[in-house]
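Asker: Have a look at this one before I ask anything.
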Amino acid sequence: MINNFINSFLTSAGSFAGLFCCLFTILEVFLPVVPLALLIAINMNIFGSVLGILVSYIFTLIGSYLFYHL
């Protein structure tokens, strides 16, 4: 079920899928409705294993920084 969701999301978003996932990772800090593990899995599917985890980590840090300073 999750794999079908990821594939349909990547297909429908096209070349903007990476940007959407980065923005969703930042948004997840403010509204933790979507589990972070799902966003990490999507980022790993887009960017590869190591880079996907690194992108998720960096954008989670950015979101946490923004949330702290608001």
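Asker: Looking at Phe16, is it part of a helix (DSSP H, G or I), among the hydrophobic types (A, V, I, L, M, F, W, C) and open to solvent by 100 Å² or more (accessible area, probe 1.4 Å)?
Answerer: Details: part of a helix (DSSP H, G or I): yes; among the hydrophobic types (A, V, I, L, M, F, W, C): yes; open to solvent by 100 Å² or more (accessible area, probe 1.4 Å): yes.
In short, yes.
Asker: Okay, moving on. Could you grab me the full set of residues in the range 8-43 that are free of Cβ contacts under 8 Å to residues at least 12 places away in the same chain and farther than 26 Å from Tyr68 by Cα?
Answerer: Selection gives Ser8, Thr11, Ser12, Ala13, Gly14, Ser15, Phe16.
Asker: I would also like to ask the following. Looking at Val55, is it outside any helix (DSSP H, G or I) and either modelled with pLDDT under 80 or β-branched (Val, Ile, Thr) (or both)?
Answerer: On the way: outside any helix (DSSP H, G or I): no; either modelled with pLDDT under 80 or β-branched (Val, Ile, Thr) (or both): yes.
For Val55, the condition - outside any helix (DSSP H, G or I) and either modelled with pLDDT under 80 or β-branched (Val, Ile, Thr) (or both) - is not met.
The values are calculated or read from the model by the stated rules, or taken from the named source; none is laboratory data. Not measured: the values here are computed from a predicted model. Virtual Cβ from ideal backbone geometry, glycine too; neighbours counted across all protein chains shown. Side chains are part of the model used for accessible areas, which takes the heavy atoms of the whole protein and leaves out ligands, DNA and RNA. Shrake-Rupley method; radii C 1.70, N 1.55, O 1.52, S 1.80 Å.
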